[in-house]
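Structure first, commentary second.
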Amino acid sequence: MVERFKPIRFSRAGIRGLKASATIAINDRVREIWDAGRNVYHLAFGESRFPIHPKIAAALGANAHRRSYTSALGIPELRKVIAAHYQRRFELDIAPEQVVVGPGSKSLIFSALMALGEEVIIPQPSWVSYGPQAHILGKPVTFVPTRPETNYELELDVLESQIRESRQNWGNPEVFIVNSPKNPTGTVMRPEKVEALAGFAREHELMVLSDEIYALTVFSAVPHVSMSRFYPEGTVVFGGLSKSLPLGGWRVGTAIIPRDNGGKALTQAMSNIASNIWTCTPAPVQYAALVAYSDDPEIEEYIDICRRMHAIRTRFLYRTMKSLGVPCVEPAGAFYIYPSFERWREQLAARGVHNDNELAFHLIDRYEIATLPGSDFHAAQDFCLRISSSYIDAATDEKADMLLSAFREDPDPERFIRNQHPRLQKVAERFGEFVAELRREAGEPETVPSLAVV
Ligand SMILES: Cc1ncc(COP(=O)(O)O)c(C=O)c1O
C-alpha cells in the first residue's frame, strides 16, 4: 500500500500497476558500488559511448543561438534531409511530409501508440518501454512469445493464435510493435520474414510500429530491410540518432509515416500530441542533426566505424558465452547478447537464485558483473540476461577517444580486444569463473572462456 501524502495524491490512471523496471534498480546498485569505491563491470547500459564526430559537435555549437520554438513535426530542412537519407540508405521512397522529428524515438513511439488503435501486440522478449507505454495509455497488450530456436523471430502461427485468443476474450489487437535489429537479443529479422510479417499484418489490418532504431548497426550477412518496403501503407518506421551515432542524450528521434490520407491524419494527430506535450525537439539539436543526416562521406564513414567497433566488442561477448557452453543466439546487430542460464536452474536454486532478476543481482554481488534480467524485456523464458557491450572500456570520454584512435590505426579485431579492452577481458574471466562453478556443481566437464573474436 502506497502511503498517502497531502496535498500530493496520485492518479490511478496509468500509474497503478506501473512497476519500476529492474534497469533502474540495477543502475542504482552499480552507482552505490562505484560510490563506495568498489569495482563493477557495467554491462547493463545500452548507450553508445564513442566520441561525438567533430563536425556534428561544431554544428551544435554554431546553432546555439537558435532559441525559438520550431514546428512540432521538425524544421522543414531536417525533414527533407531525413527523407533523402531514408531513400539513400534504405531504398524507401519517402516525401519530407512523411517525416516526423521528435525528442527521441521513445516519445514518438509513445505518441503513435497514443494516437493509434485499441490494443497492442508486443513480442516477447522486446525492449523495456513498450509494455509500460501501453500501460500508461491504458491499452491492453497481447504478448507473443518467440524462441531462441527460431532466432527470436515471430512465428506466424503463434502470432495468429495469440491474436485469435485475445479476440475470443473481447480483445481487439490493432497495433503491432516489431523491432529489428532487436533489443535485447541483437538478432536481425531475415528479409523474407519481414515480408511474411508484412503480408500477415496487411491481411489482419494491423498497424505496424516498426522500431528500426538499430538499422545502421547491422554487422552480419543478413541485411536490414525495413517493414515499410513491403507494407508502406500500414507501417510507421522509427529511427533516430541514439544508436548509430553516440547521441542518445541529444534526443533526436524520427518517425516515417505512411504517405496516404490515413498517414496524413496520423501525422496531424502526432503533431497535436507533440505540440501539447513537448512542443518541439530542441532547435539547436535539430540544426546539428542536419549534418548528422547529410550525405557527408566523413559522417557515413564514422557511422560505419562505430558499427564495426560495436560488432567486435559484442561478438567478443558472444564468443565468450559460446566457449563456456552458455546457450546464446548469435547477435547480428545492435550491441547486445541475450544468453540463457536456464540449464543451471537447479544449481542456481541451490544458491538462492530463483529467477533472472535474482540472477542479475547475484552476478553483481558475487562477480562484479552488472547485466539486466530478461524479465525487464517482457521475456517469457526465465534466466535470460541482456548483456550490453556498449559501455565497457569506454566509460570516460578519454577512454572512448583512445578506443577510436586505436581502431583507426589498427582495426584488427583480435588486437583491438587484446590491447584496448582490459575490462572486457576481465568480464570474460568473471563469467568463466561463474560458469565453471555452475558446471562443477552440476558435474559437467570444465570449459575455459575463449578470447577469440571472430
Ligand atoms: C529498441 C529501442 N527502441 C527505442 C529506443 C529509444 O531510443 P531514443 O528514444 O533514444 O531514440 C531504444 C533505446 O534504448 C531501444 O533500445
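The values are calculated or read from the model by the stated rules, or taken from the named source; none is laboratory data. Keep in mind that what you see is a predicted model, and the values were worked out from it rather than measured. Because the Cβ atoms are built from the backbone with ideal geometry, glycine has one as well, and the counts that use them run over all protein chains shown. When the accessible area is computed, the model is the full protein with side chains, heavy atoms only, and any ligands, DNA or RNA have been set aside. Shrake-Rupley method; radii C 1.70, N 1.55, O 1.52, S 1.80 Å.
Computed values, structure above
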| quantity | calculated |
| --- | --- |
| Net dipole in debye of the stretch 357-454 [+1 Lys, Arg Cβ; -1 Asp, Glu Cβ; about Cα centre; nearest 20] | 80 debye |
| Above-threshold pairs, the threshold being 20 Å between Cα atoms, out of LYS193/LYS322; LYS19/LYS139; LYS106/LYS399; LYS322/LYS426 | LYS193/LYS322; LYS106/LYS399 |
| Portion, in percent, of the accessible area of the stretch 65-295 that falls on carbon or sulfur, probe 1.4 Å | 51 percent |
| Accessible area per residue, Å², the chain with all protein chains present, probe 1.4 Å | 43 Å² |
| With DNA, RNA and ligands ignored, accessible area of MET189 (1.4 Å probe; Å², nearest 10) | 20 Å² |
| For the stretch 45-54, Karplus couplings with θ = phi - 60° (6.51, -1.76, 1.60), whole Hz, Gly/Pro x | 8, x, 10, 5, 10, 5, x, 6, 5, x |
| Per residue, the convex hull volume that the Cα atoms of the stretch 335-454 enclose (Å³) | 113 Å³ |
| Alpha-carbon centroid distance for the pair the stretch 219-267 / the stretch 385-454, whole angstrom | 32 Å |
| Protein accessible area in the stretch 363-453, 1.4 Å probe - carbon and sulfur % | 47 percent |
| Accessible area of MET402 in the full protein assembly, 1.4 Å probe (Å², nearest 10) | 120 Å² |
| Highest to lowest packing among 157-170, 225-238, 19-32, 359-372, scored as the average C-beta count within 10 Å | 225-238, 359-372, 19-32, 157-170 |
| Estimated D of the stretch 65-295 in µm² per second, where Rh is the Kirkwood radius over Cα pairs and Stokes-Einstein applies at 4 °C, 1.567 mPa s | 73 µm²/s |
| Kirkwood Rh and Cα Rg combined as Rg/Rh, the chain | 0.96 |
| All lysines inside 19 Å of LYS55 as judged from Cα atoms, apart from same-chain residues fewer than 8 positions distant | LYS243 |
| 10 Å-binned pair-distance histogram of the stretch 178-246 (Cα, whole percent) | 22, 53, 22, 2 |
| Point-to-point label distance, ARG415-ALA395, nm (Cα→Cβ direction, 7 Å offset) | 2.7 nm |
| Helix-only CD estimate at 222 nm, as mean residue ellipticity for the chain, using -39500 (n - 2.57) per DSSP H run (n ≥ 4) | -14000 deg cm²/dmol |
| Charge dipole (debye, nearest 20) of the stretch 80-197; +1 at Cβ of Lys and Arg, -1 at Cβ of Asp and Glu | 460 debye |
